[in-house]
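Colleague: Okay, here's the structure, questions in a sec.
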Amino acid sequence: MENKSYSTIYRIMHWAIAFTLLFILFTIFLRLTWLNRETVANIIKANLPADKTLSDKEIMTIARQIRKPMWDWHIYLGYILTGLYIIRISLPFFGQMKYSSPFKKELSTKVKFQFWVYIIFYICVAASLFTGLMIEFGPESLKDQMEEIHVLSIYYLIPFLIFPIGGVLLAEFTSDKGIVSRIVSGKKNN
């Protein structure tokens with residue numbers, strides 16, 4: 001099997017998108033676990049001095065404010081990912097990082113599958129970015145619908161992080177030894 005080398009621009013884009021997605025996933029994880037609104041509100045309520053009382057609404061407002069800096073990072077990372085996505089989609093027009101067609105007859109089933117996975121991934125990312133931007137900048141009347149669609153992103157994001165890692169590890173230990181070092185260094189194996 002021919003060992004592919006990866007250009008510097010390919011590696012930069014790959015790792016920038018990968019780490020941005022991981023950090024976005026981390027903010028989602030925090031929001032659903034330790035920094036869950038109800039969890040934070042319960043901690044506030046449990047630690048109020050005996051002579052102090054706050055309404056549930058006041059406690060929830062404080063909980064939201066505690067969580068806000070973490071969620072701001074989710075939004076900032078979304079902007080970064082939007083920029084990276086636009087760059088990634090534009091690079092083939094400048095002769096970099098060409099798109100591969102899954103319709104070429106000479107491709108193996110495995111390679112066609114990989115190309116389709118990339119296409120589906122980029123479509124899903126586009127949907128997430130679009131809905132996220134609509135939540136932030138779109139009309140208020142669409143906000144609830146966009147949030148519902150945006151929340152579904154978690155269901156594609158996790159598999160798209162797990163399967164590539166699994167596929168790379170499988171390739172590394174079977175038919176494509178050195179793939180990990182090539183995506184880090186960009187050099188072909190000898």
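The values are calculated or read from the model by the stated rules, or taken from the named source; none is laboratory data. Given the structure is predicted, the values throughout are model-derived calculations rather than measurements. As a convention, Cβ positions derive from the backbone with ideal geometry for all residues, glycine included, and neighbour counts pool all protein chains shown.
Colleague: Being closer than 21 Å to Trp73 by Cβ, of a type outside the set (S, T, N, Q), assigned to a helix (DSSP H, G or I) and in contact with a Ser or Thr (Cβ under 7 Å, 6 or more places away or on another chain) is the requirement here; does Met146 meet it?
Modeller: Against the criterion (closer than 21 Å to Trp73 by Cβ, of a type outside the set (S, T, N, Q), assigned to a helix (DSSP H, G or I) and in contact with a Ser or Thr (Cβ under 7 Å, 6 or more places away or on another chain)), Met146 qualifies.
Colleague: What single numbered condition from (1) under 19 Å from the mean Cα position of the chain (by Cα); (2) modelled with pLDDT of 90 or more fails to hold for Glu140?
Modeller: That leaves (1) as the condition not met.
Colleague: Search segment 89-116 for residues that are within 16 Å of Gly167 (Cα to Cα) and without any contact (Cβ under 8 Å) to a residue 24 or more places away in the chain and pair each with any residue that is of a type outside the set (Lys, Arg) and surrounded by 11 or more Cβ atoms within 10 Å (Cβ to Cβ) when their beta-carbon atoms are under 6 Å apart and the residues are at least 6 apart or on different chains.
Modeller: Here the result reads Lys112/Pro102; Phe115/Ser100; Phe115/Pro102; Trp116/Pro102, each pair linking segment 89-116 to a residue that is of a type outside the set (Lys, Arg) and surrounded by 11 or more Cβ atoms within 10 Å (Cβ to Cβ).
Colleague: Regarding Ile80, is this residue under 17 Å from Phe19 (Cα atoms) and without any contact (Cβ under 8 Å) to a residue 12 or more places away in the chain?
Modeller: For Ile80, the condition - under 17 Å from Phe19 (Cα atoms) and without any contact (Cβ under 8 Å) to a residue 12 or more places away in the chain - is not met.
Colleague: Does any residue in segment 160-171 that is free of Cβ contacts under 8 Å to residues at least 40 places away in the same chain come within less than 6 Å, Cβ to Cβ, of a residue that is among the small types (Gly, Ala, Ser) six or more places away or on a different chain, and which pairs are these?
Modeller: none
Colleague: Which residue out of Ile24, Ile9 is in a helix (DSSP H, G or I), surrounded by 14 or more Cβ atoms within 10 Å (Cβ to Cβ) and at pLDDT 90 or above?
Modeller: Just a single option satisfies the conditions, and that option is Ile24.
Colleague: Which of the residues spanning segment 30-54 are of a type outside the set (Val, Ile, Thr) and closer than 20 Å to His74 by Cβ?
Modeller: Leu30, Arg31, Leu32, Trp34, Leu35, Asn36, Arg37, Glu38, Ala41
Colleague: What are the residues in segment 83-124 that are more than 18 Å from Tyr10 (Cα to Cα) and in a helix (DSSP H, G or I), if any?
Modeller: Thr109, Lys110, Val111, Lys112, Phe113, Trp116, Ile120, Ile123, Cys124
Colleague: Turning to a different aspect of this structure: Is segment 27-34 home to any residue that is surrounded by fewer than 16 Cβ atoms within 10 Å (Cβ to Cβ) and of a type in the set (S, T, N, Q)?
Modeller: yes
Colleague: Could you grab me the full set of residues in segment 35-52 that are part of a helix (DSSP H, G or I), surrounded by 11 or more Cβ atoms within 10 Å (Cβ to Cβ) and hydrophobic (A, V, I, L, M, F, W, C)?
Modeller: If the condition is that a residue be part of a helix (DSSP H, G or I), surrounded by 11 or more Cβ atoms within 10 Å (Cβ to Cβ) and hydrophobic (A, V, I, L, M, F, W, C), then Val40, Ala41, Ile43, Ile44 are the ones that fit.
Colleague: Whether any residue in segment 27-46 is in contact with a Phe, Trp or Tyr (Cβ under 9 Å, 6 or more places away or on another chain) and closer than 30 Å to Phe173 by Cβ is what I want to check.
Modeller: no
Colleague: Identify all residues within segment 122-154 that are polar (S, T, N, Q) and surrounded by 15 or more Cβ atoms within 10 Å (Cβ to Cβ); write none if there are none.
Modeller: Of everything in segment 122-154, those that are polar (S, T, N, Q) and surrounded by 15 or more Cβ atoms within 10 Å (Cβ to Cβ) turn out to be Ser128, Thr131, Ser153.
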